[in-house]
There are 2 protein chains.
Amino acid sequence: MSTVKATIITIGDELLIGQTIDTNSAWMAQRLNELGIDIERRVTVTDTKEGIKLALDEEIPRADIILMTGGLGPTADDITKPFLSEYFGGELVVDQQVLTHVKELFAIRNRPFLERNLKQAEVPNVCTVLFNKVGTAPGMLFESNGKFIVSMPGVPFEMMDIMTTGVLPRLKEKYISDAIVHQTIITSGEGESFIAEHIKDIEEQIPVHIKLAYLPSPGIVKLRLTGRGANQEQLEKEIAGIQSQIKERIDNIVVAEEDIPLQEILGRALKEKGATVCFAESCTGGYVSHLMTQVQGSSSYFNGAIVPYQSKLKHKVVGVDATALDEHSAISEEVAIELANKTRVLMDCDYCLSLTGQLSYGGEDDHIESGVVWMAVADKDRVETKRFKFHYDRWINKEQAAQMGMLMMWKFVNNKL
Amino acid sequence: MSTVKATIITIGDELLIGQTIDTNSAWMAQRLNELGIDIERRVTVTDTKEGIKLALDEEIPRADIILMTGGLGPTADDITKPFLSEYFGGELVVDQQVLTHVKELFAIRNRPFLERNLKQAEVPNVCTVLFNKVGTAPGMLFESNGKFIVSMPGVPFEMMDIMTTGVLPRLKEKYISDAIVHQTIITSGEGESFIAEHIKDIEEQIPVHIKLAYLPSPGIVKLRLTGRGANQEQLEKEIAGIQSQIKERIDNIVVAEEDIPLQEILGRALKEKGATVCFAESCTGGYVSHLMTQVQGSSSYFNGAIVPYQSKLKHKVVGVDATALDEHSAISEEVAIELANKTRVLMDCDYCLSLTGQLSYGGEDDHIESGVVWMAVADKDRVETKRFKFHYDRWINKEQAAQMGMLMMWKFVNNKL
């Protein structure tokens, strides 16, 4: 077991109020996890001396590493820096490198450097400055009584830069941790309890230093094996063995053996085949295409999409047969097939996925059944269809529809449909 | 000042590991905030007795309300329920209503009800069951020593249902809080420090019971006024007065006086005019359309979009002049104009926004300048263009491009361009 403990403290009224979602903690945790450092706790506090002091007083004694984000910024909200200076027994002084940098950043963006901005270059004289090259607020490292305490700005890309260039290298050097190995199996088609029942005997045999967690999300259940031990190679062997047993047992529902999103899994499958894909997204409004284009290199297999949100445009833009639209509604197997076939040809693709449906409940269209989405996947030779029923609100339904659509296309591309 | 304090405790290794982003806390915080209840702290702990016990031991003495999510589920991860039962001095018993419900849910989804599922219907006999109609795990309310402590599943829509039907009505009844008033001004075009300098004198006059916070996000700076007091009407007047002063001072950069996302602001502007919009999204891959369709009722003004990700499709699908594509690159003012004009006609719209650019840095296309996006907004009479340069990674650049695009369209629709 790793004995090094880390705690994350995020500072910000906007987090506690619910204005901002905390994405920083997850990112930092993943990076520390890769180093084999456990995050034991995470605390979010107000932008006040009292809130920050309480957190530091409580968390410092029980952790080796404290990562703090937030509370730093150019306006009246700036309480953290003077407070930390006082807390660690120092004084604020202007750092020349930071000052030059802040002035440069202002110049690049044609912003006048005002008097109130001078304090952005101040740092406590009891810290190591962790240079922030993509923003104005420097990171600060306080190494006090053997503890490693860092304060960083809350802006995500600034925190990431300081972590990557200043924090992680120092953590790697200072703390040698046990080997930690993760393996993920992504499944689709059965729920948690069904899977658990089916691998019950395998799970009961898992040794104490390896943990199996079930992580459900729309349309998917991820199984995550996590092991810790002194010997990396041995650990990898052990986990590979358990993974292999599990995979064999539930092979028909396994989608991937790596923890990557569906758009990446589908992208790789297309790349392997040298194939291209496009989408006819009616109800999902461009969301599937957006997800596909979040993947670096997607332009090599993603040609584009049509979002014919208005019914008439399915005919006008895509060329869906007008009679089909009249006879069956826009939300029908027939129209899903037309959309997939016609869009595929229009966009010069090998594959096309179409989604047509009604994601909202309680909308204006009472005559249309809510939550129903028809999907079709087509290549030059054939087309497969499926009718889905989603049960939640329009936003969760959209997420689920997108996941199920990409999954359906993945199965089609892999001849599993 | 409200004297009622609330703390959120989220349970889950997957949160601490960074596998899952905590969106529950923000949602719960917003709901409590609407009731005028402060969230003072938020703690995230491991799925262990020790982790949960430490959090409860520390947080219960200093808060009136504790909202807990996570740690409840159908597999081996279920530690929380037995522990809470013990912690509050009770025993687990089967709740008949929950049992019937769980069996029904399994039947609807054609899942066999297994023996291991019986414990999902168990609840501590020292709690009030908060019925979960959209999932299997019931919420549990422990009212102990005047404290209000709730445990709910971590699945978002299940937590939301239990909060809405079980928790919030009880909180409303039990705790009468000060009036709390929020007002937001959304601005675009200047940074935090510039705005702060320009309203410095107004800000210095703000009374102690009203707070002004600056909330920057891509392309936007929100100014949020929050006030607390005994008298709702008086508070509203005070805040309206300050808001009005600020608005007058920085009028040229004010986008809205309500805290709603740009897709909603743009949607309302279009609805007011009875106008329709469509998008030609090359680099943003459908993201703008996705955002627009997140708004209930968007089908009344959003016709659709084309995502001509591959260059040739700009000509083949949209009809962009082939010569224009050859002479200028796909990322040019000329092509942006063609995309906007042609897509607008193709999709039978009043307005069209086109975005063509290179969001990634370090991609395959060395000859194309990274971060550059040309945007054009067109109606039947005219077209306006703008060249943007984004500085970060492809994901943040996409977010910023989408925000700036919707903003540009909003200005165009409001004759401010």
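At-a-glance table
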quantity: Residues located in the stretch B:291-313, provided they are among the small types (G, A, S) and at the interface with another protein chain (Cβ under 7 Å from one of its Cβ atoms); calculated: B:S299, B:G304, B:A305
quantity: Exclusive hit being outside the structural domain of A:Y392 (by TED's automatic domain parsing), closer than 25 Å to A:N24 by Cα and surrounded by 15 or more Cβ atoms within 10 Å (Cβ to Cβ), set A:G219, A:G227, A:G189; calculated: A:G227
quantity: B:T3, sole failed condition from (1) facing another protein chain (nearest Cβ under 10 Å); (2) of a type in the set (S, T, N, Q); (3) surrounded by fewer than 24 Cβ atoms within 10 Å (Cβ to Cβ); calculated: (1)
quantity: The stretch B:203-216, residues that are of a type in the set (D, E) and surrounded by 15 or more Cβ atoms within 10 Å (Cβ to Cβ); calculated: B:E203
quantity: Residue within the stretch A:386-393 that is of a type in the set (D, E) and more than 23 Å from B:L313 (Cα to Cα) present; calculated: yes
quantity: Residue selected from the stretch B:114-126 under the condition at pLDDT 90 or above and part of a loop (DSSP other than H, G, I, E, B), by the criterion least open to solvent (accessible area, probe 1.4 Å); calculated: B:V126
quantity: Any hit, the stretch A:78-95, residues being of a type in the set (G, A, S), open to solvent by 60 Å² or more (accessible area, probe 1.4 Å), in a loop (DSSP other than H, G, I, E, B) and within 14 Å of chain B (Cβ to nearest Cβ); calculated: no
quantity: Complete set of residues in the stretch A:2-22 that are among the polar types (S, T, N, Q) and modelled with pLDDT of 90 or more; calculated: A:T7, A:T10
quantity: Scope the stretch A:275-291; condition surrounded by fewer than 24 Cβ atoms within 10 Å (Cβ to Cβ) and free of Cβ contacts under 8 Å to residues at least 24 places away in the same chain; matching residues; calculated: none
quantity: Test: residue in the stretch A:127-146 that is in contact (Cβ under 8 Å) with a residue 60 or more places away in the chain and crowded, with 18+ Cβ neighbours inside 10 Å; calculated: yes
quantity: Whichever residue in the stretch A:40-67 is in a loop (DSSP other than H, G, I, E, B) and open to solvent by 10 Å² or more (accessible area, probe 1.4 Å) and, among such residues, is farthest from the other protein chains (Cβ to nearest Cβ); calculated: A:D64
quantity: Single unsatisfied condition, A:A269 versus (1) in contact with a Lys or Arg (Cβ under 9 Å, 6 or more places away or on another chain); (2) more than 8 Å from chain B (Cβ to nearest Cβ); calculated: (1)
quantity: Index of the failed condition, A:F106 passing every other in (1) open to solvent by less than 40 Å² (accessible area, probe 1.4 Å); (2) of a type outside the set (S, T, N, Q); (3) in contact with a strand residue (DSSP E or B) (Cβ under 6 Å, 6 or more places away or on another chain); calculated: (3)
quantity: The stretch A:21-39 - residue that is among the β-branched types (V, I, T) and touching a residue at least 40 places away in the same chain (Cβ under 8 Å) and, of those, least open to solvent (accessible area, probe 1.4 Å); calculated: A:I37
quantity: A:G241 closer than 17 Å to B:Q310 by Cα, surrounded by fewer than 18 Cβ atoms within 10 Å (Cβ to Cβ), away from chain B (no Cβ under 14 Å) and without any contact (Cβ under 8 Å) to a residue 60 or more places away in the chain; calculated: no
quantity: Candidate set from the stretch A:20-59 (those that are among the polar types (S, T, N, Q) and within 19 Å of the chain's Cα centre (by Cα)); member that is farthest from A:L171 (Cα to Cα); calculated: A:T20
quantity: Residues satisfying the stated conditions in the stretch B:246-269, i.e. touching a Ser or Thr at 6+ places or on another chain (Cβ under 7 Å) and open to solvent by less than 60 Å² (accessible area, probe 1.4 Å); calculated: B:I250, B:I253, B:V254, B:V255, B:G267
quantity: Residue in the stretch B:316-325 that is over 18 Å from B:V277 (Cα atoms), surrounded by 24 or more Cβ atoms within 10 Å (Cβ to Cβ) and touching an Asp or Glu at 6+ places or on another chain (Cβ under 6 Å) present; calculated: yes
quantity: Failed item, numbered, when A:L35 is tested on (1) within 7 Å of chain B (Cβ to nearest Cβ); (2) at pLDDT below 85; calculated: (1)
quantity: Considering residues of the stretch A:328-351 that are within 13 Å of chain B (Cβ to nearest Cβ) and open to solvent by less than 30 Å² (accessible area, probe 1.4 Å) only, the residue nearest to B:V318 (Cα to Cα); calculated: A:M347
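Yes or no, residue by residue, for (1) open to solvent by 50 Å² or more (accessible area, probe 1.4 Å); (2) assigned by TED's automatic domain parsing to the domain that holds B:L355; (3) in a helix (DSSP H, G or I); (4) closer than 28 Å to A:E158 by Cα:
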{"position": "B:S370", "(1), (2), (3), (4)": "no, yes, no, yes"}
{"position": "B:V373", "(1), (2), (3), (4)": "no, yes, no, yes"}
{"position": "B:E384", "(1), (2), (3), (4)": "yes, yes, no, no"}
{"position": "B:F388", "(1), (2), (3), (4)": "no, yes, no, yes"}
{"position": "B:Y392", "(1), (2), (3), (4)": "no, yes, no, yes"}
{"position": "B:Q400", "(1), (2), (3), (4)": "no, yes, yes, yes"}
{"position": "B:M404", "(1), (2), (3), (4)": "no, yes, yes, yes"}
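The values are calculated or read from the model by the stated rules, or taken from the named source; none is laboratory data. The shown structure was predicted, so the numbers you read here are calculated from the model rather than taken from an experiment. When we count neighbours, we look across all protein chains shown, and the Cβ atoms used for this are built from the backbone with ideal geometry, even at glycine. Remember, those area values only see protein heavy atoms, side chains included, never the ligands or the DNA or RNA. Shrake-Rupley method; radii C 1.70, N 1.55, O 1.52, S 1.80 Å.
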